[in-house]
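We did not get these values from a lab; they are worked out from the coordinates using the rules stated. The structure displayed is predicted, hence computed values, not measured ones. Note: ideal-geometry Cβ built from the backbone for every residue, glycine included; neighbour counts use all protein chains shown.
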Amino acid sequence: MANWNEPRRTEQGLGYNPGRDGALAGRYTVDAGLRRHMLSIYNYMASGVLLTGIVALLTANSGLVYTIMSGPLAWIVMLSPLAIVFAMSFGANRFSTTTLQAMFWGFAVLMGLSLSTIFLVYTGASIATTFFATAGAFAGLSLFGYTTQRDLSAFGTFLIMGVIGLLIASVINLFVQSTALMWAISFLGVLIFAGLTAYDTQKLKEQYYYVGGTEFAGKAIVLGALTLYLDFINMFMFLLRFMGSSRD
């Protein structure tokens, strides 16, 4: 991504105001701004996940899923979210905040259309159970990333390499159709995106000291929500392979 996500580790960054009581008051001022910033990210992320779930459920129950996910239209629905992610990530400096917001909501809707097929494969009860299990794990991992004093940046490169490895292994398994490899990919996928949840939360927290108080702050909120959304959805999908009950 662009250099918007370069963290500033010093506390006396943008938005820092010592105030009458000196550095202590300044820290509280920054902390209040940080809480608002992170809360905005979580609100956007949670709203996006909710929108995706509603669209997926309505699409499956209406039978529209059979029309959408058959023929060339299926490829458009499946590949469009990826195109939006790349556009938002690499074009953030060119797009306005309003445009990025519209792209985020469009992405959430397209993901809902794409994920509607899980209701044809798994029972609704097992999907709901997996969703709440993922939500609980995500909340715990994100809280850890937010509160830990340990620097998680060393794990970042390792986790990104893990994601690349998962993509390569998934493509290979499309041809070899190995059940053992599928379970291995799912297991590693859960672990990798669990780690990314904590890592990305800490990274977004640190980024506040770089973008807080600037014109880019609104964009950073939307991009941060997209990052956490992807962590959540991927962890949910990999976990669903273990917890999901087949309709067959």
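Remarks
- The calculated FRET efficiency for SER89 paired with THR67, based on their beta-carbon distance and R0 = 41 Å, is about 0.85.
- Counted charge near TYR199, where neighbours are those whose Cβ lies closer than 12 Å (Asp, Glu -1; Lys, Arg +1): -1
- Mean-position separation - Cα centroids, the range 140-181 and the range 64-125, in angstrom: 22 Å
- Dividing the summed helix terms, -39500 (n - 2.57) for each DSSP H run of n ≥ 4, by the number of residues in the chain produces a 222 nm estimate of -27500 deg cm²/dmol to the nearest 500.
- Relative to the longest principal axis of the Cα atoms of the chain, the long axis of helix 23-62 makes an angle of roughly 20 degrees.
- Counting only alpha carbon atoms, the long axis of helix 153-176 and the longest principal axis of the chain meet at about 10°.
- Degrees between helix 179-211 axis and first principal axis of the chain (Cα, 0 to 90, nearest 10): 20 degrees
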